[in-house]
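The values are calculated or read from the model by the stated rules, or taken from the named source; none is laboratory data. Here the structure is a predicted model, which means the values were calculated and not measured. Cβ sites come from the backbone with ideal geometry, for glycine too, and all protein chains shown count toward neighbours. Only protein heavy atoms, including side chains, enter the accessible area calculation; ligands, DNA and RNA are left aside. Shrake-Rupley method; radii C 1.70, N 1.55, O 1.52, S 1.80 Å.
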Amino acid sequence: MITGTLLFSLGVVVLQWQASLPSMALLVPLLLISIAGLCLSHWRLPAAFLLGFCWAALHGYWASATILPAELEGVDLQAVGVVASLPVREGRRSRFEFRIDSLQLGGEEVASPGLSRIAWYGKHPIIEAGERWQLLLRLKRPHGMYNPGTFDYQGWLFQQGIRATGYVRHSAVNQPIPGGEERALFDNLRSAIRGMFGEALVGASPGAASEGLLRALVIGDRDGITRSQWEIFRRSGTNHLIAISGLHIGIVAGWVLLLGGRLWRLSARLCLLLAAPRAAALMALVAALFYAGLAGFALPAVRALVMLLVILGGVIAARPVRPFNGLAWALLVILVFDPVAVLSPGFWLSFGAVAVILGGTSGRITLPRGAFRSLLRVQWFVTLGLVPLLLLWGFGVSPIAPLVNLFAIPLFSLLLVPLSLFSTLLSMLTSTLGYPLLIFTAWLLEYSTEALEAAAAIPFEMLVAAATPTWCWSAAAVAVVLLLLPKGLPGRWMGLLLVIPLFVHRIDPLSPGEVELTLLDVGQGLSVVIRTREHTLLYDTGPRFPSGFNTGDAVVVPYLQTLGITSLDKLMVSNGDIDHSGGLGAVIKALPVTEVISGEPERLKVAGAEPCRAGDSWVWDEVVFRILHPDGVNRWQGNSASCVLLIESGRGRILLTGDIEKTAETALVTKAPLLIAADLVVIPHHGSLTSSTVPFVEAVSPQLALVSSGYRNRYGFPKEEVVARWRASGSATFNTAESGALTLRMNKKGLVGKPLAHRVEAGRYWMERPPGMGQK
C-alpha cells in the first residue's frame, strides 16, 4: 500500500513538472496499460507510477480547458455569478473570488472560466460572500511574474482553480440579484465573525493588528496581517502558527478528542450506546469539519481534514489504521481528487512534518521521560526533517526557529488558539461576557507578537540555499533519513556529511571578462541584475503598488538570494519613477549596498545617494562600466534623466537605457554615436512611442533588443511600431511579459548563445509558450 501510493504520487509529481501535456493519442493507451498492470502482481508498482502520471494528465486537460479563452481578454463581458470568498476591502478597492455561472459577450453566451479573481475599484457597494451578482467585467487569462527562485503566482492561481483574473467595470449593469444568494452556513458565519471582531475591538487598546491575528486564527482570513508582522513570523520561524493549517485542525481535534472522551465516560448509558473512544473520535471529526469550514475549506485545512478522516475513521469503524498506512491513504485520497496539490509547498510541508514525526518516534524501544523532553524530541524531528523542504521551496530557515517554537507551539496550542475560538463562540452567544474576553485574547496575541518580534530582532542570517543541483537535494533527503534513525544504528553519523553540500554549494563563478545579465520579470517596471566574477550591480528595483506589494520583496531579493548574493557593490536607479524605484527600500533593507546612484537621486530619499554623471567609469573583473547619460550640461528631468549605462568586455557591449525619451536619445546620437552601438540593448521606456527613434535604433543596431513590460498592461507597451522598428534593424526582440526572466552571458568576443527565457526553460503545461520568441 505505502510503496504503491508513493509511486502513484511520484507519477503525479512528474506530470506537474512537464512543459506540456502528453497527447491524448498517447495518454489513452498509457492509461489502459497502467490499469491492466495493476491486475498483474509483478507490474503493480510500475503501473501505480504510470497511473498517477496519466491521472494527473487527464486532470490537467480538464483544468486547462476551463482557462479563459484568449479572444475574451480585454473586452467587456457581462457575468452572473456568486461571490465565492470573503471580500478583502483595502481603501477604495475590494478583492474577491467570483464563481461565474454564465458569461455573455454582446448578448451571446460564451464559455465561462468558472472561478475568477476579481478586483472592484473606486466607490462601489458592499458585497458579501455568497451573494449573487450581475457584473460587467474585464478579464484576462491567469498570468504572473515568472523568475527563478521566486513565488509562482500563475502556478498558485492554477492550483487554486482560478481560471481568470480581472476587474469590475463601472456600469449600471452591476447589481445584486435579489433572492439569488447562495449563502451557506459557513459563509454567513465567517462574515458575521469578521464583523463582530471589528465591533468588539473598535477603540480597544490591542488595535487592528491583533484583530488581523484573530481573524487569521479563527476564520483563516490572513488579509489583516501586515507585512511587518509576516516578517516577524518568518524570521522567528513561526509563520506556520498564524494561518489555519493542519496544526490548527489537529489542535481542535485533539482538544475535542480529549475532553469529549472524558465527558462521554461520565455517563454509563452513553458508553453502552457507543464506546467512548469512538464517540470522541466522531466528535473530533465534526469539530475539525466545522473549523475547516470556518477557514473557508482552504486547501491546507482540507488536507488535514482528510488525514483526520482516515485516522479517526479507523477508530470509529473499530479498525485502527497503522500510522504510516493512514498517512498513505490520506495522500492517495488528496491526489486522486486534487493532483495539482503537489504544486503547493504547504502540501509537502504538512505531509513531511507528519512523516518525519512518525519516522522519528517509531522503531524506538523507549521514549524520553516527561512531556518536556518528548516535546524537545518531536521539535528536533520536525526542524531537521523540514529543513530541505523549506530550502527547496525558497522559504529560508530561521536558526532560532527550534528554540522559539519550543515555547510558541505550546503557547498557541494550549492557550491562544483554544482561547480565540472559545471567546469567539462566547461573543456570538453574549456580547456582554464575550467581548471582554475577546479583548483579553487580542491583548495576549499582541504581547505574544511582541515577544516574537524581540526574538526576530536578534541579529542572525536566515539560512538560504543558493540554486543547487538535484544531487544536493537527494543527498540532503538521505541525510534526514539517516539522522532520524534510532541511536546505535550504523552509518547514522554520515547524515551530517551528506547535508553539508546543501549549504556550501555555490554557483560556478564567471570567468574574468565575462558578464551575466538577467532582465527580471517585474511586470510593468524594470530591474536588471548584472554579475561579473566578483561583483554585482542592480539596475533598478521594479515597481511598488498602492497595496504595499513591491517587486523588491517579491522578486529582486529572492532572486539574488537564489544566486547566493548577500550584498550589492552598486545599485543604480535609473530614475525616480515608482516603476523603477518601487522596490528600493526592500532591497536596501535586505542587503548591504556599497553605493547608490541615480539620474534623480533627490527623489529616492536614500541617504548618500549620488547622481549618475556622464563620463564616470569603473572596471570590475576586466569588465568596463561607463555612464553615458545624463550629462552635466543640460538640466535633465523625468524620463530623460535616466542613467544610461554601457557595459563592455572586449568586443562585447550591453546598453541599459532606463526610460530615456526622444530628447535624450538625440543627445546621445549627436555626441556619442559610436559609444551607443551595442550587441544587446534594453529597449528604452518599455517600448513607448516617445522613445526608440529611428536614428537611435540605427545607431545602436543590436543583435538583441529586450523589453520589460507587464502582461496586457494598460499602456499597450511595447508598441507594435516600436518592436517593428527594432526588428527592422536586424534585432531579435524578447519581452519579459511573454518570456519571463531573461538571462544571457557575454564575454570578450560578444554574446554567448541565446537568451534563456524562464518560461521556456522552466515552463509548465498550464502556461502559454511565448509567441514569436526571438523574431526578427
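Could you please let me know if Val286 is aliphatic (A, V, I, L, M), open to solvent by 50 Å² or more (accessible area, probe 1.4 Å) and part of a helix (DSSP H, G or I)?
On the way: aliphatic (A, V, I, L, M): yes; open to solvent by 50 Å² or more (accessible area, probe 1.4 Å): yes; part of a helix (DSSP H, G or I): yes.
Yes: the conditions hold for Val286.
Let me confirm something: among Gly114, Gly106, Gly91, Gly37, which residue is farther than 30 Å from Ser20 by Cα and in contact (Cβ under 8 Å) with a residue 12 or more places away in the chain? Spell out the reasoning first.
On the way: Gly114 fails: farther than 30 Å from Ser20 by Cα; Gly106 fails: in contact (Cβ under 8 Å) with a residue 12 or more places away in the chain; Gly37 fails: farther than 30 Å from Ser20 by Cα.
The match here is Gly91.
Across the range 509-533, which residue is farthest from Leu604 (Cα to Cα) among those that are of a type in the set (Asp, Glu) and touching a strand residue (DSSP E or B) at 6+ places or on another chain (Cβ under 7 Å)?
Start the filter on the range 509-533 by keeping residues that are of a type in the set (Asp, Glu), which leaves 514, 516, 521.
Now drop any that are not touching a strand residue (DSSP E or B) at 6+ places or on another chain (Cβ under 7 Å), which leaves 514, 516.
Working: Glu514: 31, Glu516: 27 Å.
It comes out as Glu514.
Of the residues Leu421, Leu415, only one is modelled with pLDDT of 85 or more and crowded, with 16+ Cβ neighbours inside 10 Å; which?
On the way: Leu415 fails: crowded, with 16+ Cβ neighbours inside 10 Å.
So the residue among Leu421, Leu415 that is modelled with pLDDT of 85 or more and crowded, with 16+ Cβ neighbours inside 10 Å is Leu421.
Which one of these does Asp508 not meet: (1) open to solvent by less than 10 Å² (accessible area, probe 1.4 Å); (2) within 28 Å of Leu390 (Cα to Cα); (3) in a loop (DSSP other than H, G, I, E, B)?
Condition not satisfied by Asp508: (1).
Looking at (1) of a type in the set (A, V, I, L, M, F, W, C); (2) at pLDDT 85 or above; (3) under 27 Å from the mean Cα position of the chain (by Cα), can you tell me which one Leu403 breaks?
Unmet condition: (2).
Could you give me the residue pairs with C-beta distances under 7 Å whose first residue belongs to the range 1-14 and is in contact (Cβ under 8 Å) with a residue 40 or more places away in the chain, whose second residue is surrounded by fewer than 18 Cβ atoms within 10 Å (Cβ to Cβ) wherever it lies, and which are 6+ apart or on separate chains?
Met1/Asn325; Ile2/Phe324; Ile2/Asn325; Thr3/Leu45; Gly4/Arg44; Gly4/Leu45; Leu7/Leu45
Residues in the range 251-268: is at least one in a helix (DSSP H, G or I), β-branched (Val, Ile, Thr) and modelled with pLDDT under 85? Working first, answer last.
Pass one, the range 251-268, residues in a helix (DSSP H, G or I): 251-264, 268.
Keeping just the survivors that are β-branched (Val, Ile, Thr) gives 251-252, 256.
Those left that are additionally modelled with pLDDT under 85: 251.
Checked against the condition, which is being in a helix (DSSP H, G or I), β-branched (Val, Ile, Thr) and modelled with pLDDT under 85, the range 251-268 yields at least one hit.
Take Val555 and decide whether it is free of Cβ contacts under 8 Å to residues at least 40 places away in the same chain and open to solvent by less than 10 Å² (accessible area, probe 1.4 Å).
Numbers: free of Cβ contacts under 8 Å to residues at least 40 places away in the same chain: no; open to solvent by less than 10 Å² (accessible area, probe 1.4 Å): yes.
No.
Here's a check for you: in the range 301-324, which residue that is open to solvent by less than 50 Å² (accessible area, probe 1.4 Å) and not hydrophobic (A, V, I, L, M, F, W, C) is nearest to Leu189 (Cα to Cα)?
Arg303
So which residues in the range 306-355 are in contact with a Pro (Cβ under 7 Å, 6 or more places away or on another chain) and in contact (Cβ under 8 Å) with a residue 40 or more places away in the chain?
Applying the first criterion (in contact with a Pro (Cβ under 7 Å, 6 or more places away or on another chain)) to the range 306-355 yields 314-315, 346, 350.
Gly346, Ser350 - these are the residues of the range 306-355 that are in contact with a Pro (Cβ under 7 Å, 6 or more places away or on another chain) and in contact (Cβ under 8 Å) with a residue 40 or more places away in the chain.
Any residue that is within 24 Å of the chain's Cα centre (by Cα) and among the charged types (D, E, K, R) - is there at least one of those in the range 556-573? Step through it out loud before you land on a result.
Our first condition is that a residue be within 24 Å of the chain's Cα centre (by Cα); within the range 556-573, this holds for 556-567.
Then drop every residue that is not among the charged types (D, E, K, R), which leaves none.
No - not one qualifying residue is present in the range 556-573.
Are any of the residues in the range 71-79 surrounded by fewer than 19 Cβ atoms within 10 Å (Cβ to Cβ), modelled with pLDDT of 95 or more and in contact with a helix residue (DSSP H, G or I) (Cβ under 9 Å, 6 or more places away or on another chain)?
No, the range 71-79 contains no residue that is surrounded by fewer than 19 Cβ atoms within 10 Å (Cβ to Cβ), modelled with pLDDT of 95 or more and in contact with a helix residue (DSSP H, G or I) (Cβ under 9 Å, 6 or more places away or on another chain).
Taking Leu517, is it in a strand (DSSP E or B) and either surrounded by fewer than 17 Cβ atoms within 10 Å (Cβ to Cβ) or modelled with pLDDT of 95 or more (or both)?
The answer is yes for Leu517.
Among the listed residues Leu135, Leu157, identify the single one that is assigned to a helix (DSSP H, G or I) and either among the aliphatic types (A, V, I, L, M) or on the phi > 0 side of the Ramachandran plot (or both). I'd like the intermediate steps shown before the answer.
Working: Leu135 fails: assigned to a helix (DSSP H, G or I).
Result: Leu157 is the single residue among Leu135, Leu157 that is assigned to a helix (DSSP H, G or I) and either among the aliphatic types (A, V, I, L, M) or on the phi > 0 side of the Ramachandran plot (or both).
Say we look at the range 9-30 and pick out the residues that are among the small types (Gly, Ala, Ser) and open to solvent by less than 60 Å² (accessible area, probe 1.4 Å); which of these is nearest to Val760 (Cα to Cα)?
Going through the qualifying residues, I end up with Ala19.
What residue, of Val722, Val752, is β-branched (Val, Ile, Thr) and buried (at least 24 other Cβ atoms within 10 Å of the Cβ)? Explain how you work it out, then say what you get.
On the way: Val752 fails: buried (at least 24 other Cβ atoms within 10 Å of the Cβ).
Going through Val722, Val752 in turn, the sole match is Val722.
What do you reckon, is Ser701 touching a Pro at 6+ places or on another chain (Cβ under 9 Å) and small (Gly, Ala, Ser)?
For Ser701, the condition - touching a Pro at 6+ places or on another chain (Cβ under 9 Å) and small (Gly, Ala, Ser) - is not met.
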